[in-house]
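Below is one structure, written out as structure tokens; the observations come after it.
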Ligand SMILES: [Ca+2]
Ligand SMILES: [Ca+2]
């Protein structure tokens, strides 16, 4: 289906002549400026204002399934634990099988692959893929083929099952862009060192408290990817003893800077029809749901992923 996505406000500063933002040194995400020392670099990005608006701006979805969440609501004590128990023990497919199920979960209206690293909502993308014939394989350039992207990078969870093939975080994306992302955390790029055809970016982070390289997806998909992270933190909560840490995560928990970022993206890019359809499709395959697509308002209630 085609639909209009809301025009999203990009609220990050546009750096002019500096490639790198300055370290704040404090790691304090409430700092909103590092400009008091007389340098001319743009202020680092801070999300504290938008995060305060979570409950006002994130509204419940009309028509969300009720049977699945029987007895669970935003007043439920230990909501994240209760949701963990609800979505745990899903029916896992093999990693190989994902090639076969992607047409059910990630097809555009015209039957091509809906790749969030190349899609350009509202206009024709510069390339598109057929599910059967465009699987990677080798690639040298953007547009060569698609593969299976772990949006929560596999090195962060040790590559094991069932995480490796959990469709709530594995999506078909261009192989070359996937490779440029590597296992960088998602973030907001201060000054792009590389930009994909759909303006996904790689470069140093502009966020207060984190200045290393990040991958910034297109605005239209920031919320989608954030809700995938909230699913992962909930589904695998307490089952992460074999997981590695990363700059953005410790086991299945999300580090404060990354959690601020993902919560902001959740607010800025609300649940849309693409995600609702995908949640239903994955439910048909795995037997579990992403609660934060059905109930985005629950993200505001949970204090720590
Ligand atoms: Ca979106
Ligand atoms: Ca956390």
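Values in this text are rule-based calculations from the coordinates and carry no lab data. This structure is a prediction, so every number in the text was calculated from the model and none was measured. Counting neighbours? That spans all protein chains shown, and the Cβs are built from the backbone with ideal geometry, glycine included.
Computed over the chain, relative contact order equals 24 percent, with contacts defined as Cα pairs under 8 Å that lie 6+ residues apart. Assuming 1.002 mPa s and 20 °C, estimate D for the range 159-305 with Stokes-Einstein, Rh taken as the Kirkwood radius over Cα pairs, in µm²/s. Roughly 135 µm²/s, to the nearest whole number.
Can you sort 49, 275 from fewest to most other Cβ atoms within 10 Å of each residue's own Cβ?
Listing 49, 275 from fewest to most nearby Cβ atoms yields 49, 275.
Segment residue 301..residue 130, full-extension length gain: 57.5 nm, with 0.36 nm per residue of separation and the alpha-carbon distance subtracted. Length gained on full extension, residue 244 to residue 161: 28.5 nm, using 0.36 nm per residue less the C-alpha separation.
Looking at the square roots a ≥ b ≥ c of the eigenvalues of the Cα gyration tensor of the range 47-301, which shape do they give, rounded for a/c under 1.5, prolate if a/b is larger than b/c, or oblate? Taking the square roots of the gyration eigenvalues as a ≥ b ≥ c, the range 47-301 is rounded.
What's the exposure ranking of 133, 105, 234, 112, going from fewest to most Cβ atoms within 10 Å?
Exposure proxy ranking, most exposed first: 133, 112, 105, 234.
Mean residue ellipticity, 222 nm, helices only, the chain: the sum of -39500 (n - 2.57) across DSSP H runs of n ≥ 4, divided by residue count and rounded to 500, is -7500 deg cm²/dmol. Placing R0 at 45 angstrom, the Cβ-Cβ distance between residue 48 and residue 97 gives a FRET efficiency of 0.60 after rounding to 0.05. Here the range 88-206 is treated as a sphere whose radius is the Kirkwood value from Cα pairs; by Stokes-Einstein at 10 °C and 1.306 mPa s it diffuses with a coefficient of 105 µm²/s. The stretch between residue 141 and residue 76, if pulled fully straight at 0.36 nm per residue, gains 18.5 nm over its current Cα-Cα span.
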